[in-house]
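Here's the structure, in C-alpha cells; my notes come after.
The values are calculated or read from the model by the stated rules, or taken from the named source; none is laboratory data. Source: prediction; values computed, not measured. Backbone-built Cβ (ideal geometry, glycine too); neighbour counts: all protein chains shown.
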Amino acid sequence: MFPKDKDIFLQILIFVSTVAIFFYECRKGYFSKFGSFFKNIQPSSYFRLLFLSAALSVGLFFADVRLLEIIQSFQHPFFKLVINCGAWLGRGCNMWLLVIACYFLFKLLKNNLGSRLTFGVLLSVTLSTTFSFIVKRTFMRARPYNHFGAFSFFHLNGLLHDKNAFQSFPSGDVALVAGAAAFLFYATKNSYTRWLLLIFPVATAFSRIWLDRHWPSDTLFSVGLGFIAGLFIWQYQKHLESLTP
C-alpha cells in the first residue's frame with residue numbers, strides 16, 4: 001500500500017470510527033441535556049479566553065520574525081527530541097487514532113470514567129480543529145516559508161491555488177493537541193499533572209515553528225482555541241454530572 005493510500009485509509013477509518021462513537025453516545029443520551037446547558041451558559045469566560053488569545057497573538061505579530069529566527073536556531077539534541085515528539089502528536093492522524101483507540105479500550109474494559117474522559121477529549125479536539133479550519137480560511141495568512149513577512153494576510157487567491165501555503169493562522173496541529181490537553185487540564189484535579197499536560201501543545205507549537213510551517217503567533221492563538229473548546233466540553237460534562245442522580 002502506497003503512503004498516500006495509507007493516509008486515505010486512515011482518514012476513512014477515523015471518520016467512520018468517530019461517527020460511530022458519536023452515534024453511540026447520542027443513543028445513550030449524552031447530548032440530551034445540551035439544550036438546558038446552552039440556555040444557562042455563561043459566555044463571558046469564553047470571550048475572555050478569546051480576547052486574551054487574540055490580543056496576545058496580535059501583540060506577538062511584531063516579534064514573530066525574531067522569535068521564529070531564535071527558535072529555528074535551537075539545535076540541541078534534547079530540543080530536537082521535543083520537536084519530534086510534538087510533530088508526531090500533531091501529524092496527520094496520530095492524535096485522532098490515539099484518542100479513538102483509548103475510547104474503545106476503555107469501553108472494552110468497562111471503564112466508564114476513562115471512556116467518558118476520552119469522549120470528552122474527542123469532542124474537544126473536534127471542536128478546536130473546527131474552529132481552526134474556519135479561522136484559517138478567513139485570514140488566509142502566508143506561511144513563513146513564503147517569505148512574505150509576518151503581516152501577510154487575506155490571500156484570497158489561496159482559496160483556489162496553493163491554498164496550503166496561505167493557511168498559517170492558526171495552526172491546526174497545535175489546535176488539535178491543545179484541544180486534547182486543555183480538556184484534560186480542566187478535568188484533572190492534580191495541579192502538577194494539569195500543568196504537565198501543557199507540555200504537549202507547547203512541544204507541537206515549537207515543532208511547527210521550527211519546521212517553518214507557522215509563526216509563533218499562529219501557535220499561541222491555536223492554544224487559545226484549544227482551551228476554549230476544552231472549557232466548553234468540560235463544563236458540559238460537569239453539567240451532565242450535576243443532573244445525574
Are there any helices (runs of 4 or more DSSP H) wholly within the range 20-138 with 1 or more residues that are under 30 Å from Phe148 (Cα atoms), and if so which? 44-61, 64-72, 77-90
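In the range 115-143, what residues are of a type in the set (A, V, I, L, M) and in contact (Cβ under 8 Å) with a residue 60 or more places away in the chain?
Answer for the range 115-143, where residues must be of a type in the set (A, V, I, L, M) and in contact (Cβ under 8 Å) with a residue 60 or more places away in the chain: Leu117, Val121, Leu122, Leu123, Val125, Leu127, Val135.
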Among (1) crowded, with 24+ Cβ neighbours inside 10 Å; (2) among the hydroxyl-bearing types (Ser, Thr, Tyr); (3) at pLDDT below 95, there is one condition Tyr192 misses while meeting the rest; what is its number? (1)
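Just need a number here: residues in the range 80-114 that are under 22 Å from Ala178 (Cβ atoms) and touching a residue at least 12 places away in the same chain (Cβ under 8 Å). Spell out the reasoning first.
Within the range 80-114, the first condition is being under 22 Å from Ala178 (Cβ atoms), and the residues that meet it are 80-103, 114.
From the residues that got through so far, the ones that are touching a residue at least 12 places away in the same chain (Cβ under 8 Å) too are 82-87, 89-93, 95-97, 99-100, 102-103, 114.
Of the residues in that region, 19 qualify.
So, Cys85, is that one closer than 13 Å to Asp173 by Cα and over 14 Å from the mean Cα position of the chain (by Cα) or not? Step through it out loud before you land on a result.
Numbers: closer than 13 Å to Asp173 by Cα: yes; over 14 Å from the mean Cα position of the chain (by Cα): yes.
Yes: the conditions hold for Cys85.
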Checked pairs for the range 230-245, first within 14 Å of Ala180 (Cβ to Cβ) and of a type in the set (Gly, Ala, Ser), second modelled with pLDDT under 90 and surrounded by fewer than 20 Cβ atoms within 10 Å (Cβ to Cβ), C-beta under 8 Å and 6 or more apart or across chains, list as none
Only one of (1) out of contact with any helix residue (DSSP H, G or I) (no Cβ under 6 Å at 6 or more places or on another chain); (2) surrounded by 14 or more Cβ atoms within 10 Å (Cβ to Cβ); (3) of a type in the set (Ser, Thr, Tyr); (4) within 25 Å of Leu211 (Cα to Cα) fails for Ser73. Which number is that? (2)
Keeping to the range 193-219, report how many residues are in contact with a helix residue (DSSP H, G or I) (Cβ under 8 Å, 6 or more places away or on another chain), under 19 Å from Phe74 (Cα atoms) and of a type outside the set (Phe, Trp, Tyr). 15
Any residue that is farther than 25 Å from Leu122 by Cβ, in contact with an Asp or Glu (Cβ under 8 Å, 6 or more places away or on another chain) and of a type in the set (Ser, Thr, Tyr) - is there at least one of those in the range 198-211? no
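So if I check each of Leu81, Leu50, Leu67, which one is over 28 Å from His239 (Cα atoms), surrounded by 14 or more Cβ atoms within 10 Å (Cβ to Cβ) and not small (Gly, Ala, Ser)?
Working: Leu81 fails: surrounded by 14 or more Cβ atoms within 10 Å (Cβ to Cβ); Leu50 fails: over 28 Å from His239 (Cα atoms).
Exactly one residue qualifies, and that residue is Leu67.
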Subset of the range 14-45 (residues that are over 26 Å from Leu113 (Cβ atoms) and surrounded by 10 or more Cβ atoms within 10 Å (Cβ to Cβ)): Phe15
Any idea how many residues of the range 161-219 are in contact with a Phe, Trp or Tyr (Cβ under 7 Å, 6 or more places away or on another chain), charged (D, E, K, R) and touching a residue at least 24 places away in the same chain (Cβ under 8 Å)? 2
